[in-house]
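Shown next, in structure tokens, is the structure this report addresses.
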Amino acid sequence: MIFAVISDFFVGPVKSLIAATLLSGVLLYSWIGVNSIGGLYAFCIIYGSFAAGVQSLFPAACSGLALDLSKVGVRVGMVFTVVSVACLTGPPLAGALIGVAGGSFLGAQLFGGTAFVIGTALLLASYQVKKRLETS
């Protein structure tokens with residue numbers, strides 16, 4: 001909810017999504033240091049808040065990156081098609097990493113954090129390209 005308020009009143013959906021994805025990636029890396037049930041509960045609450053920001057801002061940011069509003073529906077559909085592949089393959093990959101590591105979550109934690117950080121870099125690149133196209 002906090003990301004929606006920040007998006008609506010301060011910086012816009014794309015910048016808010018960039019912040020949410022970066023912080024989600026950092027939080028996935030910090031999951032490595034969690035070693036108690038209480039810490040896991042705290043991590044889940046904090047990470048869940050940031051991950052919810054990513055989920056809720058994603059469609060708005062897709063439309064915020066479009067220069068031609070008549071093509072927003074097609075572009076959002078295309079992006080969700082690509083994301084569906086990640087949603088279908090990510091959990092089995094993480095499970096395989098956990099299985100190969102003998103039950104250790106380290107590989108899955110690094111995989112998830114790295115995926116979020118790469119996603120943040122791609123969002124930043126998209127935002128910069130849009131800004132350049134707007135000014136030319």
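Just a yes or no: is a residue in the stretch 30-51 in contact with a helix residue (DSSP H, G or I) (Cβ under 7 Å, 6 or more places away or on another chain), aliphatic (A, V, I, L, M), assigned to a helix (DSSP H, G or I) and under 30 Å from R75 (Cα atoms)? For the stretch 30-51, residues in contact with a helix residue (DSSP H, G or I) (Cβ under 7 Å, 6 or more places away or on another chain), aliphatic (A, V, I, L, M), assigned to a helix (DSSP H, G or I) and under 30 Å from R75 (Cα atoms): present.
Of the candidates A66, A61, the single residue that is modelled with pLDDT under 95, surrounded by 12 or more Cβ atoms within 10 Å (Cβ to Cβ) and not in a helix (DSSP H, G or I) is A66.
Across the stretch 30-55, the number of residues qualifying as under 27 Å from F80 (Cβ atoms) and buried (at least 16 other Cβ atoms within 10 Å of the Cβ) comes to 8.
The values are calculated or read from the model by the stated rules, or taken from the named source; none is laboratory data. Small disclaimer: the values here were computed from a predicted structure and weren't measured. Counting neighbours? That spans all protein chains shown, and the Cβs are built from the backbone with ideal geometry, glycine included.
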